[in-house]
There are 2 protein chains.
Amino acid sequence: MLRLRRLSIDTNRENVAFLARNCPVYRPAEFQALNKIEIQQNGRRILAVLNIVDEPGMIAPDELGLAEQAFRQLGLPEGERVEIAPASPPQSLESVRRKIGGAQLTQAEITAIIQDIAASRYSKTEIAAFLIASARFLSADEVLNLTRAMADVGNRLSWADPVVVDKHCIGGIPGNRTSMIVVPIVAAHGLMMPKTSSRAITSAAGTADSMEVLARVDLGIAEMRNVVEKARGCLVWGGHVNLSPADDILISVERPLAIDTQEQLVASILSKKLAAGSTHLLVDIPVGPTAKVRSLAEAIRLRKLFEFVGDRVGLQVEIEFTDGRQPVGRGIGPVLEARDAMAVLANAHGAPQDLKEKSLLLAGRIIDFDPALRGGGGHARAREILESGQALAAMERIIDGQGRNPVRQVPGELTAEIPAPSSGWITAIDCFRIGRIARLAGAPMDKGAGIDLLAKLDDKVERGQPLYRIHACFQSDFRFACDLAADSSGYGIDDREPPRYGAGGAP
Amino acid sequence: MLRLRRLSIDTNRENVAFLARNCPVYRPAEFQALNKIEIQQNGRRILAVLNIVDEPGMIAPDELGLAEQAFRQLGLPEGERVEIAPASPPQSLESVRRKIGGAQLTQAEITAIIQDIAASRYSKTEIAAFLIASARFLSADEVLNLTRAMADVGNRLSWADPVVVDKHCIGGIPGNRTSMIVVPIVAAHGLMMPKTSSRAITSAAGTADSMEVLARVDLGIAEMRNVVEKARGCLVWGGHVNLSPADDILISVERPLAIDTQEQLVASILSKKLAAGSTHLLVDIPVGPTAKVRSLAEAIRLRKLFEFVGDRVGLQVEIEFTDGRQPVGRGIGPVLEARDAMAVLANAHGAPQDLKEKSLLLAGRIIDFDPALRGGGGHARAREILESGQALAAMERIIDGQGRNPVRQVPGELTAEIPAPSSGWITAIDCFRIGRIARLAGAPMDKGAGIDLLAKLDDKVERGQPLYRIHACFQSDFRFACDLAADSSGYGIDDREPPRYGAGGAP
């Protein structure tokens, strides 16, 4: 038996245990070679990767140290006596191996995999194996089974209204903060829209990060219900209400690998929406050369998969292809994006028109879900609600309901403007690079960090004219971001005037 | 700048760095979310996964702690000033993504991946992504390119002799310690056989572990040459001479996942042999229901792939299919296997006949590589060398050359005999389970730990008669092994007499 010891080390979602090499009870090196240990006491059990400690003073010979993530998951107090054993690999790994071999997995197999992942029985390496094995050859039926399995672990919400609407953007476009405009419009119209959003994982801001600039987002389920009852909508962080937790774990491995497959994406999004109790869903698929979806053919394939799975799990799914050739709005980063969204809601002079029009397009299609509304009237209704100030009023109700942030947050004070290297027309903006620069500047951790775009696609610029401004709060971050921008701004400039496409249309 | 600090923590081949959360220079949480950091000073640079420390006293705010593996790889002294930055993912990951998408990779792409892996620029998760992506759809040309790329990183040996022979077993069969018999036979015949072997990763013993019971195995290249010059052969640990180091890294991820693909296997083995300077190679492919290769069809496919790649890299490869239905010999674990091998070499009464006959078969085929020998005479020659005691004398020369172990090691003193649950004939022995029990008993770390088989396939046993004896050196390991054996012995017993196959033949 070992004494449990909490080690305040943040291992980024990996369960890690520490054992002294001179442990008198167990042979740590033997465990480590077998990859993982199982820690148990009174029916509680977790798996962890083992580090062996020779460092003096860090851990006593009769102690088992657990880093934060593992300690929380085991849920026992410090000093408790625990036993460890070499972990048998989860049985469901055999199904992963079958998948690698090209087999079609059954619902039972997929459910077992997802339950093991949700219970942290998979190491990151094993999760990567599952993700890659299912990257290319997940059939539509397997995606359906995966969606159901993921929705079934974690909480499931249900609502009194027969129509509960939702929207989701598949991501990849910096500044695309339409939810903060769409939710208040739809709520003001009267449809119920209890929106849960994610925080950024590798991007510069998620909706939850931006909304947090204005209000609390870490609401529990009861609090969330309360807000929705009063305001018909909310904008909360999904991580706190534990919807489809296996999905969060998969994403934490998938994103750093930058491996996004359509199959995984559909299962991820639809499982979350299913768990959230939505009945109608609009999916925004930006299409562009540096977006997640790069061609119309890809977009159509993705739409079909969404429709196939949506139908079978009882979600009415509509798809909108949108312009993904550049960031939306001007600000990238929580404070800057919240500023843009509020400017649109307030009908402020100079509010970014592309963000406004895109939000109206999406809100209109969601309002069209309303059985009481005559077909096709949604877009006009959305515009009326936004331009009359009703959307802003709805947003204020939501902010008050969730708990207004008393601190007014401002953009980071370390700033640098990145100049155009030559005169001409802007022909390309690399969404990925812009996102990464904003991220290096400190977003989303520093709410005020990010990028403010001063020129967009098709604009004419003179040499030396600023393309965008970097905002940062810390010197080291500021330098990382400026270095990357100096290396390449992410902007393409051509001295010939480009042909024009319709605004907002897909390329 | 941070001060470099060595942390004596064994992180099992993953580069791990530790930064205090209150570091005044950098923002650790920001780095961590981006997955990895790059540590550099004067052109030296490594990548590491970042852990963030709140634990008091473990690391000062201006220190960067590196666990053993990372510290060794960076190769700078403690106290050195280093800079860190968020790591850009290795460029070659884009090729991994292309592979996931189904592309055929070029030699240049595969070389870039392997160089990045050898330079520890891939995390374990990224390595898993590469392994799984290439699990199903690596073409024969890609396997060839992978073999060349892996052989090209690390050392390449060359020898004066025109014929340099080698053997390799693809593994999976406990107790299959033929190299310790084959090398002395072949060396006594006069062919040059500079054998490098691995240590066990997930099995109970590698040849290097067993040989180490008798002699030093961690020889450098010059020492190894010296032994080969005097004794015509050697049995050293390959890890110390740094042949195909990328392969070692791939294996460290692949084995715990228990994902063995034929493509990876062929590239792994042939890259090692190519780097070792071999010209002729005999590959032992055991075939059996619990072996790595489970059917003749699989074995033939594997043979073709070995031959295809072997031909193109200039290695003459011969394949032998062997009986993989049960462990070979009696002992499983370093001391017990070394005992069996020495008993065969000494022509001792009671030496395991299956181990002897299999070794003669393999040695004979290798001797047939000798251009001076008339075709087909190898097997008789091998028997003559073994039974006349010349092989034992050659082994003693090798042991003396490498440095005889002055300590005589004995089997573990904690023993338990596992009884037959019923009377009948032994119809199956699960190689995987037997290996795992031996492993839990402490092998290969405790040289004396392991299993001694007391009954083999087709033997008749009475209820209660011992099937095997577990040896362990430590109480906790002893218990783990006995528990697993009690759960299921790994033996199948049938009360009907089984049909007989020829001894030593493939099923």
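Only one entry of A:Gly331, A:Gly310 meets the criterion of being touching a helix residue (DSSP H, G or I) at 6+ places or on another chain (Cβ under 7 Å) and within 26 Å of A:Ala393 (Cβ to Cβ), and that entry is A:Gly331. Sub-6 Å Cβ pairs linking a first residue in the range B:6-27 that is more than 10 Å from chain A (Cβ to nearest Cβ) to a second residue that is in a loop (DSSP other than H, G, I, E, B) and at pLDDT 90 or above, at least 6 apart or interchain, are B:Ala20/B:Ile59; B:Ala20/B:Pro61; B:Asn22/B:Pro61, ordered by first then second residue.
Against the definition (surrounded by fewer than 22 Cβ atoms within 10 Å (Cβ to Cβ), modelled with pLDDT under 95 and over 14 Å from the mean Cα position of the chain (by Cα)), how does A:Gly220 come out, yes or no?
When the stated conditions are applied, A:Gly220 passes them.
Here is the figure for the range A:28-45: residues that are in contact with a Gly (Cβ under 9 Å, 6 or more places away or on another chain) and either modelled with pLDDT of 90 or more or crowded, with 20+ Cβ neighbours inside 10 Å (or both) total 1. For the range A:361-381, the tally of residues that are assigned to a helix (DSSP H, G or I) and without any contact (Cβ under 8 Å) to a residue 40 or more places away in the chain stands at 4.
Yes/no matrix, rows are residues, columns are (1) farther than 30 Å from A:Arg225 by Cα; (2) at pLDDT 95 or above; (3) among the polar types (S, T, N, Q); (4) surrounded by fewer than 24 Cβ atoms within 10 Å (Cβ to Cβ):
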{"residue": "A:Gln69", "(1), (2), (3), (4)": "no, no, yes, yes"}
{"residue": "A:Arg81", "(1), (2), (3), (4)": "yes, no, no, yes"}
{"residue": "A:Ser139", "(1), (2), (3), (4)": "yes, no, yes, yes"}
{"residue": "A:Leu157", "(1), (2), (3), (4)": "no, no, no, yes"}
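Residue count for the range A:120-148, restricted to those that are polar (S, T, N, Q), more than 14 Å from every other protein chain (Cβ to nearest Cβ) and assigned to a helix (DSSP H, G or I): 2.
Summed over the range B:327-357, the residues that are under 11 Å from B:Met180 (Cβ atoms) and acidic (Asp, Glu) give a count of 2.
Each row is one residue, and each column tells you yes or no for (1) touching an Asp or Glu at 6+ places or on another chain (Cβ under 6 Å); (2) acidic (Asp, Glu); (3) surrounded by fewer than 22 Cβ atoms within 10 Å (Cβ to Cβ).
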{"site": "B:Ala258", "(1), (2), (3)": "no, no, yes"}
{"site": "B:Ser278", "(1), (2), (3)": "yes, no, no"}
{"site": "B:Val283", "(1), (2), (3)": "no, no, no"}
{"site": "B:Glu320", "(1), (2), (3)": "yes, yes, yes"}
{"site": "B:Ala341", "(1), (2), (3)": "no, no, no"}
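The residue that is surrounded by the most Cβ atoms within 10 Å (Cβ to Cβ), among those in the range B:375-418 that are under 25 Å from the mean Cα position of the chain (by Cα) and of a type in the set (S, T, N, Q), is B:Gln402.
For the range B:455-476, which positions are in a strand (DSSP E or B) and surrounded by 17 or more Cβ atoms within 10 Å (Cβ to Cβ)? Hits for the range B:455-476 are B:Val461, B:Leu467, B:Tyr468, B:Arg469, B:Ile470, B:His471, B:Ala472. Only one entry in A:Pro174, A:Pro90 is away from chain B (no Cβ under 14 Å) and not aromatic (Phe, Trp, Tyr), namely A:Pro174. For the criterion of being farther than 30 Å from B:Ile249 by Cβ, touching a His at 6+ places or on another chain (Cβ under 8 Å) and surrounded by 21 or more Cβ atoms within 10 Å (Cβ to Cβ), A:Val165 passes.
Suppose the filter is more than 30 Å from the chain's Cα centre (by Cα) and basic (Lys, Arg); does B:Arg21 pass it? Answer is yes for this residue.
Checked against (1) surrounded by fewer than 24 Cβ atoms within 10 Å (Cβ to Cβ); (2) under 14 Å from the mean Cα position of the chain (by Cα); (3) part of a loop (DSSP other than H, G, I, E, B), B:His240 passes all but a single condition, namely (3). Test A:Gly364 against the criterion of being in contact with a His (Cβ under 6 Å, 6 or more places away or on another chain) and modelled with pLDDT of 95 or more, and give yes or no. So A:Gly364 passes the test. Considering only the range A:186-194, I want to know if a residue exists there that is within 14 Å of chain B (Cβ to nearest Cβ) and among the small types (Gly, Ala, Ser). Checking the range A:186-194: not a single residue is within 14 Å of chain B (Cβ to nearest Cβ) and among the small types (Gly, Ala, Ser). The strands (runs of 3 or more DSSP E) falling completely within the range A:384-454 that include 3 or more residues that are closer than 20 Å to A:Asp483 by Cβ and either outside the structural domain of A:Asp218 (by TED's automatic domain parsing) or not hydrophobic (A, V, I, L, M, F, W, C) (or both) map to A:414-419, A:450-453.
Each residue in the range B:94-119 was checked for being at the interface with chain A (Cβ under 9 Å from one of its Cβ atoms) and either in contact (Cβ under 8 Å) with a residue 40 or more places away in the chain or buried (at least 23 other Cβ atoms within 10 Å of the Cβ) (or both), and 1 of them qualify. Count of the range B:186-216 residues, restricted to those that are in contact (Cβ under 8 Å) with a residue 60 or more places away in the chain and assigned to a strand (DSSP E or B), is 4.
The values are calculated or read from the model by the stated rules, or taken from the named source; none is laboratory data. None of these values were measured; they are calculated from a predicted model. Note that we place each Cβ from the backbone using ideal geometry, even for glycine, and neighbour counts take in every protein chain shown.
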